[in-house]
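First comes the structure, then the notes that go with it.
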Amino acid sequence: MSFDLHRPATVTEAVDLAQRFAPTARYVAGGTDTVIQINRKKIDPAHLIDVACLPGMSEITETADAFALGALTKYRSIETHPAFRGNLRVLLEAASVVGGHQVRNIATIGGNIVNASPAADFVPPLLALDASLDITGPKGRRSVALRDFIVGPGRTNLSPVEIVTSIRFAKLPARSATAFLKEGRRRAMEISVVCVAACLTLEASTSRCASVRLAIGAASPKAFRPQQAEGFLIGKPAGKESFAEAGRLAAEASSPISDVRASAGYRRGLVAVMVERALTTCLQRIREQNQ
Amino acid sequence: MNRKILNIVVNGESHQVLIEPHWTLLQVLRNEIGMMGTKENCLEAECGVCTVLLDGKAINSCILLAGQVEGCSITTIEGIGDPEHLHPLQEAFIECGAVQCGYCIPGMILTAKSFLDENPGCRPSRDEIREAIAGTLCRCTGYRKIIDAVATAADRIALSGAKQ
(Lines give C-alpha, C1' and ligand atoms only; values in the text may rest on other atoms or scores of the structure.)
Protein backbone atom coordinates (compact mmCIF):
# COMPACT_ATOMS: atom_id res chain seq x y z
CA MET A 1 0.00 0.00 0.00
CA SER A 2 1.73 3.07 -1.21
CA PHE A 3 0.25 5.97 -3.05
CA ASP A 4 0.59 9.69 -3.53
CA LEU A 5 -2.25 11.87 -2.31
CA HIS A 6 -3.05 14.82 -4.56
CA ARG A 7 -5.22 17.72 -3.45
CA PRO A 8 -6.41 19.70 -6.47
CA ALA A 9 -8.03 23.09 -5.94
CA THR A 10 -10.48 22.92 -8.85
CA VAL A 11 -12.41 20.30 -10.82
CA THR A 12 -10.29 21.07 -13.90
CA GLU A 13 -7.10 20.47 -11.93
CA ALA A 14 -8.54 17.20 -10.58
CA VAL A 15 -9.41 15.98 -14.09
CA ASP A 16 -5.93 16.96 -15.33
CA LEU A 17 -4.32 14.95 -12.54
CA ALA A 18 -6.52 11.95 -13.26
CA GLN A 19 -5.55 12.10 -16.92
CA ARG A 20 -1.88 12.44 -16.13
CA PHE A 21 -1.84 9.46 -13.78
CA ALA A 22 -4.43 7.23 -15.47
CA PRO A 23 -4.87 4.29 -15.17
CA THR A 24 -3.30 4.15 -11.70
CA ALA A 25 -5.24 7.12 -10.35
CA ARG A 26 -8.45 7.10 -8.40
CA TYR A 27 -10.62 9.84 -6.95
CA VAL A 28 -11.37 9.82 -3.23
CA ALA A 29 -13.98 11.94 -1.40
CA GLY A 30 -15.16 10.95 2.10
CA GLY A 31 -13.01 7.84 1.84
CA THR A 32 -15.47 5.64 3.74
CA ASP A 33 -15.42 3.11 0.93
CA THR A 34 -12.15 3.81 -0.88
CA VAL A 35 -9.88 3.62 2.17
CA ILE A 36 -11.48 0.35 3.29
CA GLN A 37 -11.03 -1.09 -0.22
CA ILE A 38 -7.35 -0.08 -0.14
CA ASN A 39 -6.87 -1.61 3.33
CA ARG A 40 -8.51 -4.83 2.14
CA LYS A 41 -6.16 -4.78 -0.86
CA LYS A 42 -9.15 -4.83 -3.25
CA ILE A 43 -7.74 -1.78 -5.01
CA ASP A 44 -4.19 -0.51 -5.17
CA PRO A 45 -4.07 2.97 -6.71
CA ALA A 46 -0.70 4.67 -7.09
CA HIS A 47 -2.35 8.09 -7.04
CA LEU A 48 -5.31 9.18 -4.97
CA ILE A 49 -6.89 12.44 -6.02
CA ASP A 50 -8.75 14.04 -3.14
CA VAL A 51 -11.89 15.76 -4.41
CA ALA A 52 -13.42 16.20 -0.94
CA CYS A 53 -12.48 19.84 -0.65
CA LEU A 54 -13.35 20.97 -4.18
CA PRO A 55 -15.27 24.23 -3.81
CA GLY A 56 -18.97 24.60 -4.58
CA MET A 57 -19.78 20.90 -4.66
CA SER A 58 -21.38 20.51 -1.22
CA GLU A 59 -24.34 22.81 -1.69
CA ILE A 60 -28.02 21.94 -1.78
CA THR A 61 -29.58 24.41 -4.21
CA GLU A 62 -33.32 24.96 -4.60
CA THR A 63 -34.81 26.70 -7.61
CA ALA A 64 -38.47 27.33 -8.49
CA ASP A 65 -38.96 23.87 -9.95
CA ALA A 66 -35.91 21.76 -9.09
CA PHE A 67 -33.19 20.82 -6.65
CA ALA A 68 -29.48 20.39 -7.28
CA LEU A 69 -27.40 18.47 -4.76
CA GLY A 70 -23.64 18.93 -4.93
CA ALA A 71 -21.98 15.54 -5.32
CA LEU A 72 -20.01 16.15 -2.12
CA THR A 73 -23.17 16.68 -0.06
CA LYS A 74 -22.97 14.59 3.11
CA TYR A 75 -25.82 12.28 4.13
CA ARG A 76 -26.16 14.17 7.40
CA SER A 77 -26.75 17.40 5.46
CA ILE A 78 -29.62 15.72 3.59
CA GLU A 79 -31.02 14.33 6.83
CA THR A 80 -31.06 17.68 8.59
CA HIS A 81 -32.17 19.83 5.62
CA PRO A 82 -35.67 21.30 6.09
CA ALA A 83 -36.50 20.93 2.38
CA PHE A 84 -36.62 17.15 2.66
CA ARG A 85 -39.20 16.88 5.42
CA GLY A 86 -42.16 17.31 3.07
CA ASN A 87 -42.92 15.42 -0.12
CA LEU A 88 -39.23 14.68 -0.74
CA ARG A 89 -38.97 12.76 2.51
CA VAL A 90 -37.62 9.75 0.59
CA LEU A 91 -34.21 11.47 0.57
CA LEU A 92 -34.16 12.09 4.32
CA GLU A 93 -35.32 8.54 5.03
CA ALA A 94 -32.63 6.96 2.87
CA ALA A 95 -29.85 9.26 4.07
CA SER A 96 -30.64 8.48 7.69
CA VAL A 97 -30.09 4.71 7.39
CA VAL A 98 -26.60 4.81 5.88
CA GLY A 99 -23.99 3.75 8.45
CA GLY A 100 -23.79 5.66 11.72
CA HIS A 101 -23.55 9.39 12.32
CA GLN A 102 -19.77 9.27 11.95
CA VAL A 103 -20.05 7.90 8.40
CA ARG A 104 -22.97 10.21 7.52
CA ASN A 105 -20.94 13.24 8.59
CA ILE A 106 -18.28 12.59 5.96
CA ALA A 107 -19.50 10.12 3.33
CA THR A 108 -20.78 11.83 0.18
CA ILE A 109 -23.88 11.07 -1.89
CA GLY A 110 -21.77 11.29 -5.06
CA GLY A 111 -19.53 8.56 -3.68
CA ASN A 112 -22.51 6.31 -3.04
CA ILE A 113 -23.69 6.77 -6.63
CA VAL A 114 -20.36 6.20 -8.38
CA ASN A 115 -19.67 3.11 -6.24
CA ALA A 116 -22.77 1.62 -7.85
CA SER A 117 -23.30 -1.00 -5.18
CA PRO A 118 -26.54 -2.89 -5.92
CA ALA A 119 -27.44 -2.23 -2.26
CA ALA A 120 -26.58 1.50 -2.23
CA ASP A 121 -29.31 3.11 -0.14
CA PHE A 122 -29.24 6.53 -1.76
CA VAL A 123 -29.66 5.31 -5.35
CA PRO A 124 -33.33 4.12 -5.27
CA PRO A 125 -34.65 7.46 -3.94
CA LEU A 126 -32.84 9.33 -6.70
CA LEU A 127 -34.12 6.84 -9.29
CA ALA A 128 -37.64 7.37 -7.96
CA LEU A 129 -37.13 11.12 -8.41
CA ASP A 130 -35.85 10.52 -11.96
CA ALA A 131 -32.60 12.31 -11.09
CA SER A 132 -29.85 13.13 -13.53
CA LEU A 133 -26.15 13.66 -12.95
CA ASP A 134 -23.87 16.47 -14.09
CA ILE A 135 -20.45 15.16 -15.01
CA THR A 136 -17.22 16.97 -15.82
CA GLY A 137 -14.40 15.36 -17.78
CA PRO A 138 -11.55 16.23 -20.13
CA LYS A 139 -14.01 17.00 -22.95
CA GLY A 140 -16.17 19.28 -20.83
CA ARG A 141 -19.52 18.71 -19.20
CA ARG A 142 -22.28 16.26 -19.87
CA SER A 143 -25.51 15.17 -18.22
CA VAL A 144 -26.85 11.67 -17.91
CA ALA A 145 -29.97 10.19 -16.34
CA LEU A 146 -29.14 8.16 -13.24
CA ARG A 147 -31.07 5.19 -14.68
CA ASP A 148 -28.62 5.11 -17.61
CA PHE A 149 -25.57 5.86 -15.48
CA ILE A 150 -25.38 2.68 -13.41
CA VAL A 151 -24.91 -0.30 -15.73
CA GLY A 152 -24.20 -3.16 -13.31
CA PRO A 153 -22.81 -4.06 -9.91
CA GLY A 154 -19.96 -1.61 -9.30
CA ARG A 155 -20.12 -0.46 -12.92
CA THR A 156 -21.18 2.91 -14.29
CA ASN A 157 -20.74 4.74 -17.57
CA LEU A 158 -18.35 7.19 -15.88
CA SER A 159 -14.87 7.15 -17.36
CA PRO A 160 -12.08 6.93 -14.75
CA VAL A 161 -11.12 10.56 -15.36
CA GLU A 162 -14.62 12.03 -15.10
CA ILE A 163 -16.16 13.53 -11.95
CA VAL A 164 -19.83 13.66 -10.97
CA THR A 165 -20.33 17.23 -9.79
CA SER A 166 -24.04 17.40 -8.98
CA ILE A 167 -27.33 15.56 -8.96
CA ARG A 168 -30.51 17.24 -10.17
CA PHE A 169 -34.18 16.39 -9.97
CA ALA A 170 -37.48 18.20 -10.48
CA LYS A 171 -39.80 19.16 -7.64
CA LEU A 172 -42.97 17.11 -7.41
CA PRO A 173 -46.43 18.29 -8.44
CA ALA A 174 -49.23 18.82 -5.92
CA ARG A 175 -50.78 15.67 -4.42
CA SER A 176 -47.46 13.84 -4.42
CA ALA A 177 -45.54 12.03 -1.71
CA THR A 178 -42.50 9.80 -1.42
CA ALA A 179 -41.29 7.09 0.94
CA PHE A 180 -38.23 4.93 1.50
CA LEU A 181 -38.22 1.56 3.25
CA LYS A 182 -35.23 -0.58 4.12
CA GLU A 183 -35.04 -4.09 5.51
CA GLY A 184 -31.90 -5.45 7.09
CA ARG A 185 -31.10 -7.94 9.79
CA ARG A 186 -30.86 -5.16 12.35
CA ARG A 187 -32.09 -1.60 12.51
CA ALA A 188 -28.83 0.31 12.20
CA MET A 189 -25.37 -0.01 10.65
CA GLU A 190 -26.70 -2.48 8.13
CA ILE A 191 -26.41 -3.20 4.43
CA SER A 192 -29.88 -3.43 2.90
CA VAL A 193 -31.37 -6.87 2.29
CA VAL A 194 -33.88 -4.99 0.14
CA CYS A 195 -34.70 -1.29 -0.03
CA VAL A 196 -37.58 0.38 -1.85
CA ALA A 197 -38.25 3.99 -2.81
CA ALA A 198 -41.64 5.16 -4.04
CA CYS A 199 -42.93 8.40 -5.49
CA LEU A 200 -46.72 8.66 -5.97
CA THR A 201 -48.82 11.44 -7.49
CA LEU A 202 -52.61 11.31 -7.42
CA GLU A 203 -54.98 12.78 -10.01
CA ALA A 204 -56.29 16.22 -9.11
CA SER A 205 -59.80 15.37 -7.96
CA THR A 206 -59.87 11.60 -7.63
CA SER A 207 -57.84 9.08 -5.68
CA ARG A 208 -56.50 7.51 -8.83
CA CYS A 209 -52.77 7.23 -9.48
CA ALA A 210 -51.58 9.86 -11.95
CA SER A 211 -47.89 9.07 -11.79
CA VAL A 212 -45.87 6.38 -10.02
CA ARG A 213 -42.16 5.86 -9.84
CA LEU A 214 -40.77 2.91 -7.90
CA ALA A 215 -37.13 1.94 -7.41
CA ILE A 216 -35.81 -1.20 -5.78
CA GLY A 217 -32.33 -1.79 -4.39
CA ALA A 218 -30.44 -4.97 -3.47
CA ALA A 219 -32.82 -7.19 -5.44
CA SER A 220 -31.06 -7.12 -8.83
CA PRO A 221 -27.53 -6.54 -10.18
CA LYS A 222 -28.39 -2.86 -10.07
CA ALA A 223 -31.17 -0.83 -8.51
CA PHE A 224 -34.06 -0.81 -10.97
CA ARG A 225 -37.45 0.71 -11.78
CA PRO A 226 -40.14 -1.99 -12.15
CA GLN A 227 -41.85 -0.51 -15.19
CA GLN A 228 -44.71 -3.00 -15.37
CA ALA A 229 -45.67 -2.30 -11.79
CA GLU A 230 -45.48 1.44 -12.41
CA GLY A 231 -47.49 1.22 -15.65
CA PHE A 232 -50.13 -1.01 -14.06
CA LEU A 233 -50.92 1.61 -11.43
CA ILE A 234 -51.56 4.55 -13.78
CA GLY A 235 -55.25 5.39 -13.66
CA LYS A 236 -55.96 2.75 -11.00
CA PRO A 237 -57.55 3.68 -7.67
CA ALA A 238 -54.83 4.19 -5.05
CA GLY A 239 -55.37 1.55 -2.39
CA LYS A 240 -54.54 -1.83 -0.96
CA GLU A 241 -55.66 -3.94 -3.90
CA SER A 242 -53.78 -2.10 -6.64
CA PHE A 243 -50.71 -1.57 -4.45
CA ALA A 244 -50.54 -5.30 -3.67
CA GLU A 245 -50.70 -6.11 -7.38
CA ALA A 246 -47.92 -3.57 -8.06
CA GLY A 247 -45.86 -5.31 -5.37
CA ARG A 248 -46.43 -8.66 -7.04
CA LEU A 249 -45.39 -7.28 -10.43
CA ALA A 250 -42.29 -5.66 -8.94
CA ALA A 251 -41.29 -8.92 -7.26
CA GLU A 252 -41.70 -10.68 -10.61
CA ALA A 253 -39.39 -8.13 -12.24
CA SER A 254 -36.67 -8.47 -9.60
CA SER A 255 -33.76 -10.89 -9.96
CA PRO A 256 -32.27 -11.20 -6.48
CA ILE A 257 -29.36 -13.40 -5.43
CA SER A 258 -29.00 -15.60 -2.37
CA ASP A 259 -26.13 -14.49 -0.17
CA VAL A 260 -25.06 -14.29 3.46
CA ARG A 261 -27.80 -11.75 4.20
CA ALA A 262 -30.85 -13.45 2.70
CA SER A 263 -32.07 -15.97 0.15
CA ALA A 264 -33.34 -14.92 -3.26
CA GLY A 265 -36.84 -16.14 -2.38
CA TYR A 266 -36.94 -14.10 0.81
CA ARG A 267 -35.76 -11.02 -1.06
CA ARG A 268 -38.44 -11.46 -3.69
CA GLY A 269 -41.05 -11.76 -0.96
CA LEU A 270 -39.72 -8.60 0.63
CA VAL A 271 -39.98 -6.69 -2.65
CA ALA A 272 -43.69 -7.49 -2.92
CA VAL A 273 -44.46 -6.49 0.65
CA MET A 274 -42.23 -3.43 0.72
CA VAL A 275 -43.52 -1.99 -2.56
CA GLU A 276 -47.08 -2.27 -1.22
CA ARG A 277 -46.09 -0.67 2.10
CA ALA A 278 -44.10 2.12 0.47
CA LEU A 279 -47.06 3.03 -1.75
CA THR A 280 -49.44 2.86 1.22
CA THR A 281 -47.12 5.21 3.12
CA CYS A 282 -47.13 7.63 0.16
CA LEU A 283 -50.92 7.57 0.07
CA GLN A 284 -51.15 8.30 3.81
CA ARG A 285 -48.73 11.16 3.41
CA ILE A 286 -50.70 12.71 0.54
CA ARG A 287 -53.86 12.52 2.66
CA GLU A 288 -52.07 14.12 5.63
CA GLN A 289 -50.76 16.95 3.42
CA ASN A 290 -54.29 17.70 2.22
CA GLN A 291 -55.92 17.77 5.61
CA MET B 1 9.27 7.73 1.59
CA ASN B 2 7.19 10.48 0.21
CA ARG B 3 6.52 12.37 3.43
CA LYS B 4 4.60 15.61 3.50
CA ILE B 5 3.97 18.19 6.17
CA LEU B 6 0.49 18.17 7.68
CA ASN B 7 -0.79 21.17 9.58
CA ILE B 8 -3.64 20.41 11.94
CA VAL B 9 -5.11 21.87 15.08
CA VAL B 10 -5.73 19.26 17.76
CA ASN B 11 -7.68 20.33 20.83
CA GLY B 12 -6.90 23.96 20.07
CA GLU B 13 -3.17 23.45 19.63
CA SER B 14 -1.47 23.74 16.22
CA HIS B 15 0.68 20.81 15.11
CA GLN B 16 3.01 20.25 12.19
CA VAL B 17 3.53 16.58 11.50
CA LEU B 18 5.55 14.83 8.81
CA ILE B 19 3.19 12.17 7.43
CA GLU B 20 3.17 9.41 4.84
CA PRO B 21 0.28 9.54 2.35
CA HIS B 22 -1.37 6.35 3.61
CA TRP B 23 -1.43 7.29 7.28
CA THR B 24 -4.87 7.72 8.75
CA LEU B 25 -5.89 10.46 11.12
CA LEU B 26 -6.06 7.78 13.84
CA GLN B 27 -2.41 6.84 13.30
CA VAL B 28 -1.34 10.48 13.40
CA LEU B 29 -3.33 11.23 16.55
CA ARG B 30 -2.01 8.22 18.47
CA ASN B 31 1.49 7.69 17.10
CA GLU B 32 2.60 11.22 16.24
CA ILE B 33 0.65 13.48 18.59
CA GLY B 34 0.18 11.08 21.50
CA MET B 35 -3.59 11.40 21.92
CA MET B 36 -4.07 7.89 23.22
CA GLY B 37 -7.67 8.45 24.28
CA THR B 38 -8.63 7.82 20.65
CA LYS B 39 -8.88 4.03 20.35
CA GLU B 40 -8.22 1.58 17.56
CA ASN B 41 -10.29 -1.49 16.85
CA CYS B 42 -12.13 -2.50 13.67
CA LEU B 43 -10.39 -0.13 11.24
CA GLU B 44 -13.49 -0.22 9.01
CA ALA B 45 -15.80 2.43 10.49
CA GLU B 46 -18.03 -0.21 12.02
CA CYS B 47 -17.36 0.18 15.74
CA GLY B 48 -16.78 3.87 16.46
CA VAL B 49 -14.00 3.64 19.08
CA CYS B 50 -11.80 5.85 16.90
CA THR B 51 -14.38 8.66 16.78
CA VAL B 52 -13.05 12.22 16.95
CA LEU B 53 -14.60 15.55 15.99
CA LEU B 54 -13.54 17.02 12.65
CA ASP B 55 -14.51 20.69 12.68
CA GLY B 56 -17.04 19.77 15.35
CA LYS B 57 -18.59 16.73 13.68
CA ALA B 58 -18.04 13.12 14.73
CA ILE B 59 -16.15 11.02 12.19
CA ASN B 60 -14.26 7.72 12.20
CA SER B 61 -10.56 8.61 12.29
CA CYS B 62 -9.55 5.03 11.34
CA ILE B 63 -10.48 5.40 7.67
CA LEU B 64 -9.81 9.07 7.12
CA LEU B 65 -6.50 9.79 5.42
CA ALA B 66 -4.58 12.32 7.49
CA GLY B 67 -3.58 14.16 4.33
CA GLN B 68 -7.24 14.97 3.72
CA VAL B 69 -7.58 17.04 6.92
CA GLU B 70 -4.88 19.63 6.21
CA GLY B 71 -5.78 22.83 8.04
CA CYS B 72 -8.71 21.25 9.90
CA SER B 73 -9.52 21.33 13.58
CA ILE B 74 -9.71 18.04 15.48
CA THR B 75 -11.14 17.44 18.94
CA THR B 76 -10.27 14.26 20.81
CA ILE B 77 -11.57 13.10 24.19
CA GLU B 78 -8.58 14.86 25.80
CA GLY B 79 -9.90 18.14 24.40
CA ILE B 80 -13.39 18.37 25.86
CA GLY B 81 -12.62 18.49 29.58
CA ASP B 82 -10.08 17.65 32.25
CA PRO B 83 -10.41 16.10 35.73
CA GLU B 84 -11.04 19.53 37.28
CA HIS B 85 -13.39 20.73 34.55
CA LEU B 86 -15.38 17.80 33.23
CA HIS B 87 -17.68 18.21 30.26
CA PRO B 88 -21.35 17.63 31.24
CA LEU B 89 -21.26 14.41 29.23
CA GLN B 90 -18.23 13.17 31.17
CA GLU B 91 -19.90 14.07 34.48
CA ALA B 92 -23.07 12.28 33.47
CA PHE B 93 -21.22 9.15 32.33
CA ILE B 94 -19.53 8.94 35.74
CA GLU B 95 -22.74 9.60 37.70
CA CYS B 96 -24.81 7.12 35.70
CA GLY B 97 -22.18 4.38 35.92
CA ALA B 98 -22.11 4.32 32.13
CA VAL B 99 -18.51 3.12 31.92
CA GLN B 100 -17.67 -0.57 32.11
CA CYS B 101 -14.40 -1.54 30.39
CA GLY B 102 -14.18 2.00 29.03
CA TYR B 103 -12.80 1.25 25.61
CA CYS B 104 -15.77 2.65 23.68
CA ILE B 105 -16.33 5.62 25.98
CA PRO B 106 -14.16 8.27 24.25
CA GLY B 107 -15.96 7.50 20.99
CA MET B 108 -19.32 7.32 22.74
CA ILE B 109 -18.89 10.72 24.39
CA LEU B 110 -17.65 12.42 21.23
CA THR B 111 -20.44 10.88 19.13
CA ALA B 112 -22.97 12.16 21.68
CA LYS B 113 -21.32 15.59 21.79
CA SER B 114 -21.47 15.95 18.00
CA PHE B 115 -25.15 14.98 18.06
CA LEU B 116 -26.10 17.30 20.95
CA ASP B 117 -24.17 20.19 19.39
CA GLU B 118 -26.21 19.87 16.18
CA ASN B 119 -29.30 21.11 18.00
CA PRO B 120 -28.25 23.25 20.95
CA GLY B 121 -30.67 22.92 23.84
CA CYS B 122 -32.41 19.84 22.43
CA ARG B 123 -33.65 17.09 24.73
CA PRO B 124 -33.59 14.03 22.53
CA SER B 125 -35.78 11.01 23.22
CA ARG B 126 -34.18 7.71 24.18
CA ASP B 127 -34.84 6.44 20.65
CA GLU B 128 -33.14 9.48 19.15
CA ILE B 129 -30.13 8.91 21.41
CA ARG B 130 -30.01 5.23 20.45
CA GLU B 131 -30.05 6.21 16.79
CA ALA B 132 -27.37 8.86 17.30
CA ILE B 133 -24.93 6.42 18.93
CA ALA B 134 -25.72 3.49 16.61
CA GLY B 135 -22.31 3.84 14.98
CA THR B 136 -20.52 3.35 18.29
CA LEU B 137 -20.52 -0.15 19.73
CA CYS B 138 -20.19 -1.08 23.42
CA ARG B 139 -19.33 -4.76 23.61
CA CYS B 140 -19.91 -4.72 27.37
CA THR B 141 -23.44 -3.93 26.14
CA GLY B 142 -23.86 -1.15 28.66
CA TYR B 143 -26.19 0.81 26.42
CA ARG B 144 -28.95 1.45 28.96
CA LYS B 145 -26.70 3.44 31.26
CA ILE B 146 -24.95 5.11 28.34
CA ILE B 147 -28.34 6.34 27.11
CA ASP B 148 -29.19 7.46 30.69
CA ALA B 149 -25.94 9.44 30.73
CA VAL B 150 -26.50 11.14 27.36
CA ALA B 151 -30.08 12.04 28.35
CA THR B 152 -28.89 13.42 31.69
CA ALA B 153 -26.19 15.50 30.03
CA ALA B 154 -28.63 16.77 27.38
CA ASP B 155 -31.06 17.89 30.11
CA ARG B 156 -28.31 19.74 31.98
CA ILE B 157 -26.91 21.39 28.86
CA ALA B 158 -30.44 22.48 27.88
CA LEU B 159 -31.08 23.89 31.37
CA SER B 160 -27.81 25.80 31.55
CA GLY B 161 -28.43 27.12 28.03
CA ALA B 162 -31.88 28.30 29.07
CA LYS B 163 -30.45 30.18 32.08
CA GLN B 164 -27.86 32.03 30.02
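The values are calculated or read from the model by the stated rules, or taken from the named source; none is laboratory data. From a predicted model like this one, the values you see are computed outputs, not experimental measurements. Cβ sites come from the backbone with ideal geometry, for glycine too, and all protein chains shown count toward neighbours. Surface areas here come from the heavy atoms of the whole protein model, side chains and all, with no ligands, DNA or RNA. Shrake-Rupley method; radii C 1.70, N 1.55, O 1.52, S 1.80 Å.
Applied to the range A:43-56, the Karplus parametrisation 6.51 cos²θ - 1.76 cosθ + 1.60 on θ = phi - 60° returns per-residue 3J(HN,Hα) values of 10, 9, x, 8, 9, 9, 10, 7, 9, 4, 9, 4, x, x Hz, with x for Gly and Pro. Comparing the full protein assembly with the isolated chain, the residues of the range B:14-63 losing at least 50 square angstrom of accessible surface (1.4 Å probe) are B:21, B:22, B:44, B:63.
Counting other C-beta atoms within 10 Å, and keeping those with at most 15, which DSSP coil trypsin sites (Lys or Arg not before Pro) do you find in the range A:1-80? List each step's numbers first, then the result.
Numbers: sites: A:20, A:26, A:40, A:41, A:42, A:74, A:76; in loops: A:40, A:41, A:42.
Sparse-neighbourhood loop trypsin sites (Lys or Arg not before Pro): A:40, A:41, A:42.
Inter-chain Cβ neighbour count for A:40-51, averaged per residue, equals 1 (cutoff 10 Å, partner chain atoms only).
Take each residue in A:92-103, count the other chain C-beta atoms within 10 Å of its C-beta, and the mean is 6. A simple rule links phi to the HN-Hα coupling: the Karplus curve 6.51 cos²θ - 1.76 cosθ + 1.60 with θ = phi - 60°, which for the range B:138-154 gives 10, 7, 6, 6, x, 5, 4, 6, 5, 5, 3, 5, 5, 5, 4, 4, 4 Hz, with x for Gly and Pro.
Between amide H atoms placed 1.01 Å from N, distances below 5 Å from residue A:184 occur with A:193, all of them 5 or more places distant or on a separate chain.
In terms of its C-alpha gyration tensor, the range A:4-50 comes out oblate, because a/c is 1.5 or above while a/b does not outweigh b/c.
For the protein assembly as shown, the solvent-accessible area with a 1.4 angstrom probe is 44 square angstrom per residue. Amide H contacts of residue A:189 (H built 1.01 Å from N, in plane; Pro and chain starts excluded): A:99 sit under 5 Å, all sequence-distant by 5 or more or on other chains.
Please report the carbon-and-sulfur percent of the accessible area for the range B:59-164; probe 1.4 Å, protein heavy atoms only, DNA, RNA and ligands left out. Don't skip to the answer; put the middle values down first.
Details: 2540 of 4890 Å².
So the carbon and sulfur contribution to the accessible surface is 52 percent.
What part of the accessible area of the range A:176-286, given as a whole %, is carbon or sulfur when the probe is 1.4 angstrom?
On the way: 2460 of 4690 Å².
Roughly 52 percent, rounded to a whole number.
With a cut-off of 13 Å between beta carbons, the residues surrounding residue A:5 carry a summed charge of 0, where Lys and Arg count +1 and Asp and Glu -1. Within a straight-line Cα-Cα reach of under 20 Å, residue A:139 can be paired with the following aspartates and glutamates, leaving aside sequence neighbours fewer than 8 residues apart in one chain: A:13, A:16, A:148, A:162.
Give me the count of lysine pairs in the range B:5-164 whose alpha carbons sit under 18 angstrom apart, restricted to pairs 8 or more positions apart or on different chains.
Values: B:39/B:57; B:39/B:113; B:57/B:113; B:113/B:145.
Taking the Cα cut-off of 18 Å, the pair count is 4.
Relative contact order, whole percent, for the range A:4-50 stands at 55, derived from Cα pairs under 8 Å and 6 or more residues apart.
Proximity of backbone amide H atoms, modeled 1.01 Å from N, is registered between residue A:28 and A:49, A:50, A:51 at under 5 Å, excluding neighbours fewer than 5 places apart on the same chain. Listed values for the range B:5-22 are Karplus-derived 3J(HN,Hα) couplings in whole Hz (6.51 cos²θ - 1.76 cosθ + 1.60, θ = phi - 60°), namely 7, 10, 9, 9, 9, 10, 6, x, 10, 7, 10, 10, 10, 8, 10, 8, x, 8, and x replaces Gly and Pro. Tell me, how many Å apart are the Cα centres for the range A:201-250 and for the range B:113-162? Answer, in whole Å: 39.
Translational diffusion of the protein assembly as shown was estimated from the Stokes-Einstein equation, with Rh taken as the Kirkwood radius over Cα pairs; at 20 °C and 1.002 mPa s the coefficient is 92 µm²/s. Taking every C-alpha pair closer than 8 Å and separated by at least 6 residues, the mean separation divided by the residue count of chain A gives a relative contact order of 15 percent.
Tell me the carbon and sulfur percent of the accessible area for the range A:4-50, rounded to whole percent, probe radius 1.4 Å.
Roughly 49 percent of what the probe reaches on the range A:4-50 is carbon or sulfur.
Peptides A:259-270, A:114-125, B:61-72 ordered by packing proxy, namely the average of other Cβ atoms within 10 Å per residue, highest first: A:114-125, B:61-72, A:259-270.
Of the residues in the range B:108-127, those shielded by at least 40 Å² of accessible area once partner protein chains are present, compared with the chain alone at a 1.4 Å probe, are B:118.
The mean sequence distance of close C-alpha pairs (under 8 Å, at least 6 residues apart), as a share of the length of chain B, puts its relative contact order at 23 percent. Taking a point 7 Å from the Cα of residue A:186 along the Cα-to-Cβ direction, the residues of the range B:19-54 with backbone N closer than 19 Å to it are B:40-51. Chain pair A, B: how much accessible area is buried, both chains summed, with a 1.4 Å probe, in Å² to 100? Separately minus together, A and B give about 2400 Å² buried. Counting Lys and Arg as +1 and Asp and Glu as -1, what is the net charge of the other residues whose Cβ lies under 10 Å from the Cβ of residue A:222? Net charge in that neighbourhood comes out at +2.
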